[in-house]
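Heads up: the structure comes next, in C-alpha cells.
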Amino acid sequence: MGKHEQGPGGAEDQRFSEEENEKTLTTRQGHPVRTNQNLRTVGNRGPATLENYDYIEKISHFDRERVPERVVHARGTGAHGYFETYGKVGDEPVEKYTRAKVFSGAGKQTPVLVRFSTVTHSAGSPETLRDPRGFAVKFYTEDGNWDLVGNNLKVFFIRDAMKFPDLIHAFKPDPVTNIQDSERIFDFISQTPEAMHMVTFLFSPWGIPANYRQMQGSGVNTYRWVNEEGKAVLVKYHWEPLKQGIKNLTQEEANEIQGENFNHATQDLYEAIESGDYPEWELCVQIMDDHEHPELDFDPLDDTKIWPEDQFPFLKVGKMVLNKNPDNHFNEIEQAAFGTGVLVDGLDFSDDKMLQGRTFSYSDTQRYRVGANYQQLPVNAPKKHVATNYEGGNMSYFTDRPKDANPHVNYEPSTLNGLEEATPKTKPHQPYAEGKLKKEPIDRENNFKQAGERYRLLKDWERDDLIMNLVTSLKPCQSHIQKKMISFFSQCDEDYGKRVAEGLGMNAGNMNEEMASEITPTKGKLPKQGGSPIGSAGAADAVEKAQEKGHEADPY
C-alpha cells in the first residue's frame, strides 16, 4: 500500500469500491448499502431472518445513540467562538497577577466552546423553567484546556459540597410521583438558611433569563491566580454581555412563551449566529489578596456571597465572541465534557469547599457518562501535544504515545525510551495550611444580609414578581415550612417577610393563625398532596382542565 492508502477510513476518504462515489451510503464496516428500505425476509411478507447484518448494525446503533444524560445541566445547547485577551487586568499588565498565557499578549485569540444549559430537569425540558442556567466555557489554550464552569447567577444555594446531592434531589422530581414539588424544595430550603441569597435571585425574574445570549455568566466559586514568582491572589470570574444586553422574563411571560416554543433559547442562539449577529461577552475579574480577610462580614470563599464591587471592582481582561454553530449537536455539545479541575499553569484552586467538591464530581461524572476516554473525543481534546501512559477503557481508539517513544513502555520512570516528566520552569504556588481536621460550618455565615440587600436593589416589578412566585410556590406547603420561610425572609428584610406572609394569609409577627390547607390558593385549587412545580400558579387546575377540555373520541 502507498502512504495515501493507509490509515482508517471516513466520510472524506477517497478509496471507493467499484459501485461507490462520495455520496454512497455504507455500513460502519465500509460495505455499500444496496437496500436501505427493506429487511431480508422469507418472501416479501416475512418472517425476517437473523442474518440481517445491515439492519442489525443500523438498529443496534440506533438503540444506543443516546449516552446517559447529565444528572444536572442535561438540557443545553452551545456554540464555538474565540476569546481575545486585552493583555491587561484593568489598567495593569495581567502578568502582575497570573502567568496563564491565555491572558498575555493583547489581541491574542484562543478558540473556545461554550455550553449553556438549565440545571434541574431532563434533556427535553422547556427552556422557560425557573432554574439557574449553566454557562460553561472550554478554552483550547496553548498550554492545554482550561474549563471555566459556572452559572448565570453569581451565587449558589449551598457552601459545602456535602449538601449538593441533597439540594439536587430536593429540586428534582419526587421519586414517587415524578413531579417537581415545591413542598420538597422549601422543606430543604427551610433548613438551609445560606440559600436565601440564591432564592431571592431565583424566584425573581433573574430566575428565568430571556435566552442564553442575554444573560450574564459567573464562575461562582473563588479561584486563585498565580504569577511568575509563585505569588497568588484570590479571583472571581464574571461574563458580562456586550452589545446584546441582559433580559429576563416574568413567570407570566415565560408561561406564554413556553406554550409556543419550548426550545426558544436554543433557537435564539442558533439563529443569531447563523445570521451573523454574533453574541459577545466581556470577561471581568475581581481580585482580592489571598488571606481570610477578617475585616469582612463574610468569608471570601463562601459561594453564597457576592464580593462588593465598591471594594473589589470588576476589572476587564478580555472579550469572547461566539461565531460558529456546531456541525453536529451530539458530537460537539452533548458529548462536550467540562470540569472545574481543568486548569492551566497560572490558574489554581482556592480552598472554597464547593469548588473542591465540584472538582472531583465534574470529571467523575463525565467518565461515567461518556467514558474513560472522553478526552480523546475531538470536542474535548486539547489543541496541542498530548502524551500519556493511559491504557484501555471503553472506546479507546488510539494510544497517546508518540512514534519515537518505546511502544512497550507504558509506565514512568523508565530507562527504555518512555515518556518523561516536563522540566519545571516556574515557581509553584505553595499555600500554607494548618489546622485540625473538622466537619464544621464556617465561622462567618451571615446568611441574610446580602439577600436583604439584593431584595432592596430589585426594581418594583421585580420584587412584585419575586413575591408572587414565592407565595405561589409556598401555598401548597405545610404551615411549619411556610412559617420557617417567612422567618428567613423577615431576617433578610422586614418588608420581604411581611409581603410573603400577607400573600399566604398570615401575619409575619404571629404565624400561628392558619394552617396551609385553609389558605386560599392563587387559583382554584391546591394540589391534593405535596406541592407543585415551582412557578406554577395553577398546577392542580391544569389537571382538571385537561380532563374538562378534552374532546371525546370514538375508539378505532
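The values are calculated or read from the model by the stated rules, or taken from the named source; none is laboratory data. Treat the numbers as computed from the prediction; the structure is a model and nothing was measured. Here Cβ is always computed from backbone atoms with ideal geometry, including for glycine, and neighbour counts include all displayed protein chains. Side chains included, ligands, DNA and RNA excluded: accessible areas come from the protein's heavy atoms. Shrake-Rupley method; radii C 1.70, N 1.55, O 1.52, S 1.80 Å.
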Exercise. Is it possible to state the helix-based mean residue ellipticity at 222 nm for the chain, with each DSSP H run of 4+ residues giving -39500 (n - 2.57), the sum divided by total residues, to the nearest 500 deg cm²/dmol? What is it?
Worked result: -7000 deg cm²/dmol
Exercise. Considering the values (1) 25, 60, 16, 0; (2) 22, 57, 20, 1; (3) 18, 47, 28, 7, 0, which represents P(r) over Cα pairs in 20 Å bins from 0, in percent as calculated for the structure under consideration?
Worked result: (3)
Exercise. To the nearest 20 debye, what is the magnitude of the charge dipole of segment 202-314 about its Cα centre, counting +1 on the Cβ of each Lys and Arg and -1 on the Cβ of each Asp and Glu?
Worked result: 180 debye
For this session: Using a 10 Å cut-off on Cβ atoms, rank the peptides 133-142, 84-93, 347-356, 438-447 from the highest mean neighbour count down.
Result: 133-142, 347-356, 84-93, 438-447
Exercise. Where does each of 43-50, 489-496 land if you order them by average Cβ count within 10 Å, highest first?
Worked result: 489-496, 43-50
Exercise. Setting aside same-chain residues fewer than 8 positions from residue 231, which lysines have a Cα under 17 Å from its Cα?
Worked result: 96, 101, 425, 427
Exercise. For segment 11-87, what is one quarter of the convex hull surface built on the Cα atoms, given in nm²?
Worked result: 11.0 nm²
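Once you charge only the Cβ atoms, +1 for Lys and Arg and -1 for Asp and Glu, what is the size of the charge dipole of segment 15-131 about its Cα centre, to the nearest 20 debye?
Working: 18 positive and 16 negative charges, 51 e Å.
Dipole about the Cα centre, nearest 20: 240 debye.
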Exercise. Among the lysines, which fall within straight-line cross-link reach of residue 247, defined as a Cα-Cα distance under 17 Å, with same-chain neighbours fewer than 8 residues apart omitted?
Worked result: 154, 459
Exercise. Using a 1.4 Å probe on the protein chains only, how many percent of the accessible area of the chain belongs to carbon and sulfur?
Worked result: 50 percent
Problem set entry | Accessible area per residue, Å², the chain with all protein chains present, probe 1.4 Å | 54 Å²
Problem set entry | Cα-based reach from residue 545 at 18 Å (exclusive), listing aspartates and glutamates while leaving out same-chain residues under 8 positions away | 256
Problem set entry | Options 150, 542, 458, ranked by Cα towards positive dipole end of the chain, top entry (Cβ charges) | 150
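Kindly sort 240, 552 by accessible area of their heavy atoms, largest first, with the probe set to 1.4 Å. Numbers along the way, then the final one.
Numbers: 240 35, 552 185 Å².
Of 240, 552, the descending order of accessible area is 552, 240.
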Problem set entry | the chain, dipole about Cα centre (Lys/Arg Cβ +1, Asp/Glu Cβ -1), debye to the nearest 20 | 560 debye
Seminar exercise, completed: Label model pair residue 104, residue 15: point-to-point distance (7 angstrom along the Cα→beta-carbon line) in nm is 4.4 nm
Problem set entry | Of 324/353; 172/528; 138/436, pairs whose Cα-Cα distance is over 25 Å | 324/353; 138/436
